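Written below as structure tokens is the structure these notes are about.
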Amino acid sequence: MYKQTKKLDGTINTIVIRVQDNSFIPFDLENTDYQAYLKWLAEGNTPLPADTIEENK
Amino acid sequence: MSIAISGSSITFADLTTQITAAVGAGFKNRIYNGDMRIWQRGTTFTNPTLANYYTADRWGANRSSDVNGAVVSRIASGLDGFEYALALQRASGNTSAESLSLQYSNESTNTYDLVGSPVTLSFWAKTGSNYSGGPLFVRIRSGTGVDQRVYAYTGLNDFAASTQAITSTWTRYFLTGTVPSSTTQLGFYMFWTPPATAAGADDSVYITGVQLEAGSSATEFERRPIGTELALCQRYFEKGKFHSAGVGSSGAGLGGSLYFRVEKRAAPTMAYTNTITAFVGAATTNVTIATDSVSLYRIGTATAAYQYQQDWTAAIEL
């Protein structure tokens, strides 16, 4: 399972969190973790929405 | 004095004598951490799998079908010239007959110049006192994809292979082959297979001094400074500490940037542990992750002198 992240301005960032180990995966096609994320998306999955600033306090 | 050839050595006009071919001299070894000195992730790994693959820096390991019962660890080699070796062990008491493998995947960009040329693999190995397996199966493997792991190469071709009997005495072994045309990735794959009986206390293969070089014969193992070897490995994995402190306010983003010692081959996956905080939220947020740096912040929870520190890892292995 993955979760989206937001920038401070509230827009969605090009980084996702892999929930199982809380690691941060950048959108870089040479990153094998990102390749796994794309495969996961292609299988019809959807990431969790990003936390809000209030939730991150 | 002119150049003099005597037996198997050449003496030059400056009176230096060379006993091995100059082919590939200087960073001739395409294997990083071939002498098993760099272990940034730890020095013992129980049950490595394809999902939890890397052990010593740049070295992957697993058992067939990802079954449990393998241990990879750093040991004092006891071999003159080598401080450490890697032990690939079947855990004591384990009864699985699934093979244990040690693997190395070379980055594609370090492969192209070898296409069509002979290459030679050399390594030292010995068995543990309760070794139950037969010979080592050794492969120099090519592929036609880009930056894949050696077990999953597109166009996989074991263009050099040996079934190598090994003993309990350190011995250097060799394997030579010619890199096929169209090769875009090159790796080393070694495995041994135990019987389905309970493993003893030291059912292991020990290995060090792994070298893959251009040419049809093995030359002396290349000695690189420890800082150089570490930097080579840090292109793929690095760890460090991040600390941020100042006066912040509730709802503000409080953080900074961390800079890698070595630029990564691509933007790495970041993980954070051992966090200590004051007046900031529990969640790290990354603004950017680049090949040379990361920007990150946490949300302030009060108008106060905040601080947080945490350990980080940056991983961009193949």
Inter-probe distance in nm under a simple model that places probes 7 Å from Cα toward Cβ, at B:Phe174 and B:Ile10: 1.8 nm
Listed residues A:Trp40, B:His243, B:Tyr112: farthest to the positive end of the dipole of the protein assembly as shown (Cβ charges): B:His243
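Between the DSSP loop rule and a limit of at most 11 other Cβ atoms within 10 Å, which GluC sites (Glu not before Pro) in chain A are left?
Of the GluC sites (Glu not before Pro), the ones in loops of chain A whose Cβ has at most 11 other Cβ atoms within 10 Å are A:Glu43.
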Nearest-0.05 FRET efficiency for B:Ala97 and A:Leu48, computed from C-beta distance (R0 35 Å): 0.25
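Please report the relative contact order for the stretch B:178-316, taking Cα pairs under 8 Å with a sequence separation of at least 6, and give it as a percent rounded to a whole number. Don't skip to the answer; put the middle values down first.
Values: 215 pairs, mean separation 39.1, N = 139.
Taking the mean separation of contacting Cα pairs over the length of the stretch B:178-316, I get 28 percent.
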Sequence-distant residues sharing a close amide H with A:Ala50 (under 5 Å, placed H): A:Gln4
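Whole number in Å², please: accessible area per residue of chain A, 1.4 Å probe, ligands, DNA and RNA not counted.
In whole numbers, chain A has 59 Å² accessible per residue.
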Relative contact order (%) - chain A, alpha-carbon pairs under 8 angstrom, separation at least six: 39 percent
Accessible area expressed per residue, the stretch B:9-158, with surrounding protein chains retained (probe 1.4 Å, Å²): 39 Å²
Chain A versus the stretch B:84-129: alpha-carbon centroid distance in Å: 34 Å
Set of aspartates and glutamates near A:Lys7 by C-alpha distance (under 13 Å), chain-local residues within fewer than 8 positions excluded: A:Asp51
FRET efficiency, 1/(1 + (r/R0)^6) with R0 25 Å, evaluated for B:Ile276 and A:Glu55 via beta carbons: 0.75
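Assuming a viscosity of 0.890 mPa s and a temperature of 25 °C, what translational diffusion coefficient in µm² per second does Stokes-Einstein assign to the protein assembly as shown, Rh being the Kirkwood radius over Cα pairs?
My calculation gives 107 µm²/s for D.
Rounded to the nearest 20 debye, what is the charge dipole size of the stretch B:130-261 about its Cα centre when +1 sits on each Lys and Arg Cβ and -1 on each Asp and Glu Cβ? If you can, show how the numbers build up before the last one.
Numbers: 10 positive and 9 negative charges, 68 e Å.
Roughly 320 debye, rounded to the nearest 20.
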Residue-wise HN-Hα coupling along the stretch B:280-291, computed from phi with Karplus coefficients 6.51, -1.76, 1.60 (Hz; x: Gly, Pro): 9, x, 7, 9, 6, 10, 8, 8, 9, 10, 10, 6
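For Cα pairs less than 8 Å apart in space and 6+ apart in sequence, what is the mean separation divided by the residue count of the stretch B:2-102, i.e. the relative contact order in percent?
20 percent
The values are calculated or read from the model by the stated rules, or taken from the named source; none is laboratory data. Model, not experiment: these values are computed from the prediction. Note that we place each Cβ from the backbone using ideal geometry, even for glycine, and neighbour counts take in every protein chain shown. What goes into the accessible areas is simple: the full protein's heavy atoms, side chains included, and nothing from ligands, DNA or RNA. Shrake-Rupley method; radii C 1.70, N 1.55, O 1.52, S 1.80 Å.
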